Amino acid sequence: METLFTKIINREIPADIVYEDDISLAFKDISPQAPFHVLIIPKKPIATINDIEEGDREVIGHLYYVAGKIAKEHGFDEAGYRVVMNCNNDGGQTVYHIHAHLLAGKPMGWPPYTDRLKVG
Ligand code: 5GP
């Protein structure tokens, strides 16, 4: 199923792209949760972590390689940063094309979650 991230890959909707190669694309999050917040996505549309197959191992590993590369290029490697991938509703996933959030630029707390308010 096509998501808006496929449209970003295909340049059908705009994004502030910070990195691209044959396997992945990285772009600024539209609603940043840290001073530096990019999403690193595989060009292959995989809906959730649950849908990762054995043959996807190289693609998934590549996302972490790209995270480290971007962090170094932007000078966050020494201070540190966080890479997270949300899965399904309880994990806070809203776009069903897997993506690693790379968050940097401030010290982060642990545990990382805040409860979402239930309405109704
Ligand atoms: P999730 O909640 O699925 O882990 O993360 C989805 C992320 O995509 C959110 O952080 C959200 O701000 C971001 N996002 C949603 N729509 C757009 C968009 O159109 N452009 C960009 N650049 N980011 C988006």
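Summary table below
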read-out: Computed [θ] at 222 nm, deg cm²/dmol, the chain (DSSP H ≥ 4; -39,500 (n - 2.57); rounded to nearest 500); value: -6500 deg cm²/dmol
read-out: Packing rank of 94-100, 32-38, 11-17, 105-111, where each peptide gets the mean count of other beta carbons within 10 Å, highest leading; value: 94-100, 32-38, 11-17, 105-111
read-out: Rel. contact order, % - alpha carbon contacts under 8 angstrom, at least six apart, the chain; value: 28 percent
read-out: Projected label distance in nm at Thr114 and Arg11, using a 7 Å step from Cα toward the beta-carbon; value: 3.7 nm
read-out: Total charge dipole magnitude, segment 4-116, about the Cα centre, Cβ charges on Lys, Arg, Asp, Glu only, Debye to nearest 20; value: 300 debye
read-out: Computed accessible area, Arg82, all protein chains, 1.4 angstrom probe, square angstrom; value: 50 Å²
read-out: Label point distance in nm, Glu78-Lys44, each placed 7 Å from Cα along Cα→Cβ; value: 3.7 nm
read-out: Kirkwood Rh, angstrom, the chain [1 / mean 1/r, Cα pairs]; value: 15.1 Å
read-out: Carbon and sulfur %, accessible surface of the chain computed with the full protein complex present, 1.4 Å; value: 52 percent
read-out: 23 Å Cα-Cα reach of Lys72 towards lysines, excluding residues that sit fewer than 8 places from it in its own chain; value: Lys28, Lys43, Lys106
read-out: Accessible area of the chain divided out per residue, in Å², using a probe of 1.4 angstrom; value: 64 Å²
read-out: Cα extents of segment 3-49 along the three principal axes, largest first (Å); value: 28, 25, 19
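The values are calculated or read from the model by the stated rules, or taken from the named source; none is laboratory data. Because the structure is a prediction, the values reported are computed rather than measured. Cβ sites come from the backbone with ideal geometry, for glycine too, and all protein chains shown count toward neighbours. The area values use the complete protein model at the heavy-atom level, side chains included, leaving out ligands, DNA and RNA. Shrake-Rupley method; radii C 1.70, N 1.55, O 1.52, S 1.80 Å.
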